[in-house]
Amino acid sequence: MRAVRIHAHGGPEVLTVEEIADPEPESWPASDADSSADAESAPGAGEVLVRTVASSLNPVDWKTRAWDVGPALPVTLGWDLAGIVVASSAPEFAVGDRVIAMSAQLATGLGTWAELVRLPVRLLAHAPRTLTLAEAATLPLAGTTAVQALAALRPESRARLLVTGAAGAVGGLAVQLAHRAGVSVDALVSRPEHIEVVREFGAATVTHSVAELPQGTYDAVLDTAGVDVTRALADGGSYISVSDAPLPDVAGAAKSYVQESSKDLAELVDLVDAGRLKVRVAAHYPLTEVRAAHEHFEAGGLSGKVVLLF
Ligand SMILES: NC(=O)c1ccc[n+]([C@@H]2O[C@H](COP(=O)([O-])OP(=O)(O)OC[C@H]3O[C@@H](n4cnc5c(N)ncnc54)[C@H](OP(=O)(O)O)[C@@H]3O)[C@@H](O)[C@H]2O)c1
């Protein structure tokens, strides 16, 4: 099968599309859950083999490519997955099911940019019925991050929340999720042309200027852009960042790091199928043009995700 791999860190030119061995279902190793005494009854025990239809690019993919981070090389990249089950040892998933998954490739080395991906069942959810698999591939990492960062913030209904980087993948989903939960959301974007789309997601006030943010106002800030908006935070407000930027000097400011969660994926899928959460695709690239996909994504300024088609 073909997979997108790197043998060295660097620019898009280090990305290679190469033939590697297929995962073999008959040699699947026993997972920790399988080897435990109550493995038979453990929910989620087992593994699933997925034929990949699409993935999407996330900042972690280019950072893992460019920076000296992550598992030993060579390694297959990719966190997002949308595809079709071709083998399963888990009762929750049957051959032919449409699925999505998020794999924490940076920590585990289990990349999704391969034509066949073998995953533990705890990483999977059934794909939204209302999306193509190309659209569904935009949801796992960004959506799970947004759900978990908002859970860490716990903004109350009618609280005022500021989301930075709100036209981005995580920010755009976080605005929609918070708005649907009854939170009053304002947003900071990077450029004026992104203001309207974030308003449509439910943000009340959207600006591209930090100077225009009201001082001492927000009960909660979710920073996805690494921009210092602490002067807009109310006294005692909470501050969660998912960006790489150092945390501001604010009491209780914390980072949120995304965790694999089929439960959070299933929650996102339900919202999408109920018409309560929108995803956006900015561009599609075939697997063979993965270098161009990276260049496009890293140039920034997108309103929507870059999708890789297998
Ligand atoms: N901690 C975690 O577990 C976790 C999980 C997922 C993502 N992340 C990180 O979270 C960040 C966002 O991820 P993402 O997938 O949402 O990326 P993304 O889709 O590229 O979105 C980032 C957004 O921030 C905007 N932006 C940049 N500088 C800004 C500024 N000064 N003011 C306002 N907006 C600004 C960008 O606009 P332009 O494109 O116009 O610059 C873009 O719309 C990345 O750093 C990513 O690595 C962390």
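Coordinate-derived values only; no laboratory data. This one's a predicted model, so the numbers in the text were calculated from it and none came from an experiment. For neighbour counting, all protein chains shown are included, and Cβ atoms are generated from backbone atoms with ideal geometry for every residue, glycine included.
Points to keep in mind about this one:
- The dipole here belongs to segment 149-293: it is taken about the Cα centre, uses +1 on the Cβ of Lys and Arg and -1 on the Cβ of Asp and Glu, and is about 180 debye.
- Packing-based ranking, highest mean first, of 98-110, 210-222 given that Cβ atoms within 10 Å are counted: 98-110, 210-222
- Across the chain, the convex hull enclosing all Cα atoms gives 137 Å³ per residue.
- Overall, the chain carries a charge dipole of about 740 debye about its Cα centre when +1 sits on the Cβ of Lys and Arg and -1 on the Cβ of Asp and Glu, all other atoms neutral.
- Simple label model, 7 Å out from Cα along Cβ direction - VAL227 to HIS208, nm: 1.0 nm
- A Förster radius of 30 Å, combined with the Cβ-Cβ distance separating ALA152 from ARG51, puts the computed FRET efficiency at roughly 0.30.
- Taking each DSSP H run with n ≥ 4 as -39500 (n - 2.57) and averaging over every residue of the chain yields -6500 deg cm²/dmol at 222 nm.
- Descending Cα extents along the principal axes, segment 142-255, whole Å: 33, 28, 27
- Aspartates and glutamates whose Cα lies under 15 Å from that of LYS263, excluding same-chain neighbours fewer than 8 positions away: GLU92
- Total formal charge among the other residues, if their Cβ is under 12 angstrom from that of SER184, Lys/Arg +1 and Asp/Glu -1: -1
- With R₀ fixed at 22 Å, the C-beta to C-beta distance from LYS278 to ARG191 puts the FRET efficiency at about 0.65.
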